[in-house]
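Structure incoming, see below.
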Amino acid sequence: MILETPENLWKPEYLLDVESMDIQHKHFFQILDVLSKLCSLINKDNIKNHHLITVLSEIRTYVLKHFHDEETMLQKYKYPDLLDQCHEHDKFMKYMIDYTNEKIQIYTIKRDDAISSDTAALMADLHGYIAGWWGEHILKKDAMYVDHVKKHKKVLSCK
């Protein structure tokens, strides 16, 4: 469901030089760009709740996969702050689940209805939170594991 969008939230400074994570981070921002596009088209009659549900489901699925892959990699390389990273991931997921369940009430909206102005405002707020959290998380938390992973990757490849 990746679309061309006028907004590109990905920034070169998010590159960690850990290829698997860079690829996943870029892909996540492509998904987030779709949410951005959806937010910009909200007042169009053809934009329905099922579009929102589809993008939020894709975000949730991808986030779970990414967090799993990242935590598995950090376990493999015995990253000493793995539990802190897991805690940050858990806090993000809890926020997403609480927000979509309690504020947007994703399970009660009618799929074929147009997105309401209240839901649109909540969605734009969620989009801002996600984009901000991911950018900051990559630059601050993920950047902390880069040297450790590279060092231990070399050690394992030499064995």
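The values are calculated or read from the model by the stated rules, or taken from the named source; none is laboratory data. Because the structure is predicted, anything quoted here is derived from the model rather than measured. Backbone-built Cβ (ideal geometry, glycine too); neighbour counts: all protein chains shown.
Sort out which residues of region 77-94 are closer than 17 Å to Val18 by Cα and loosely packed, with under 11 Cβ neighbours inside 10 Å, and write them in order of number.
Lys78 - this is the single residue of region 77-94 that is closer than 17 Å to Val18 by Cα and loosely packed, with under 11 Cβ neighbours inside 10 Å.
If you don't mind, another one. Being at pLDDT below 95 and crowded, with 18+ Cβ neighbours inside 10 Å is true for just one of Leu41, Leu74, Leu52. Which residue is that?
Leu52
Now, a different point. Condition test on Phe67, is it in contact with a Cys (Cβ under 9 Å, 6 or more places away or on another chain) and closer than 27 Å to Lys153 by Cβ?
Considered against the rule, which asks whether it is in contact with a Cys (Cβ under 9 Å, 6 or more places away or on another chain) and closer than 27 Å to Lys153 by Cβ, Phe67 comes out as yes.
Taking only pairs six or more apart or across chains, which ones have beta-carbon atoms under 7 Å, a first residue in region 108-124 that is of a type in the set (D, E, K, R), and a second residue that is surrounded by 18 or more Cβ atoms within 10 Å (Cβ to Cβ)?
Close Cβ pairs (under 7 Å, with a partner that is surrounded by 18 or more Cβ atoms within 10 Å (Cβ to Cβ)) amount to Lys110/Asn49; Arg111/Asn49; Asp113/Asn49.
Among residues belonging to region 13-43 that are without any contact (Cβ under 8 Å) to a residue 12 or more places away in the chain and under 19 Å from Met144 (Cβ atoms), point out the one that is farthest from the chain's Cα centre (by Cα).
Looking at residues that are without any contact (Cβ under 8 Å) to a residue 12 or more places away in the chain and under 19 Å from Met144 (Cβ atoms), I get Glu19.
One residue is enough: does region 4-16 have a residue meeting the conditions more than 28 Å from Ala143 (Cβ to Cβ) and not in a loop (DSSP other than H, G, I, E, B)?
No, the conditions are met nowhere in region 4-16.
How do the pairs read when you match residues in region 126-137 that are under 16 Å from Leu52 (Cα atoms) with residues anywhere that are β-branched (Val, Ile, Thr) and in a helix (DSSP H, G or I), using Cβ under 8 Å and keeping only pairs 6 or more apart or on different chains?
Between residues of region 126-137 that are under 16 Å from Leu52 (Cα atoms) and residues that are β-branched (Val, Ile, Thr) and in a helix (DSSP H, G or I), the close pairs are Leu126/Thr100; Ile130/Ile59.
Could you check region 44-86 and list, in sequence order, the residues that are in contact (Cβ under 8 Å) with a residue 60 or more places away in the chain and assigned to a loop (DSSP other than H, G, I, E, B)?
Within region 44-86, Asp45, Ile47, Tyr77, Lys78, Tyr79, Pro80, Asp81 qualify.
Please go through (1) surrounded by fewer than 17 Cβ atoms within 10 Å (Cβ to Cβ); (2) modelled with pLDDT of 90 or more for Ile31 and return the number of the only condition it doesn't satisfy.
The single condition Ile31 does not satisfy is (1).
What do you reckon, is His137 surrounded by 14 or more Cβ atoms within 10 Å (Cβ to Cβ) and in contact with an Asp or Glu (Cβ under 9 Å, 6 or more places away or on another chain)?
yes
Would you say Val155 is at pLDDT 95 or above, out of contact with any helix residue (DSSP H, G or I) (no Cβ under 6 Å at 6 or more places or on another chain), among the β-branched types (Val, Ile, Thr) and over 20 Å from Cys39 (Cβ atoms)?
For Val155, the condition - at pLDDT 95 or above, out of contact with any helix residue (DSSP H, G or I) (no Cβ under 6 Å at 6 or more places or on another chain), among the β-branched types (Val, Ile, Thr) and over 20 Å from Cys39 (Cβ atoms) - is not met.
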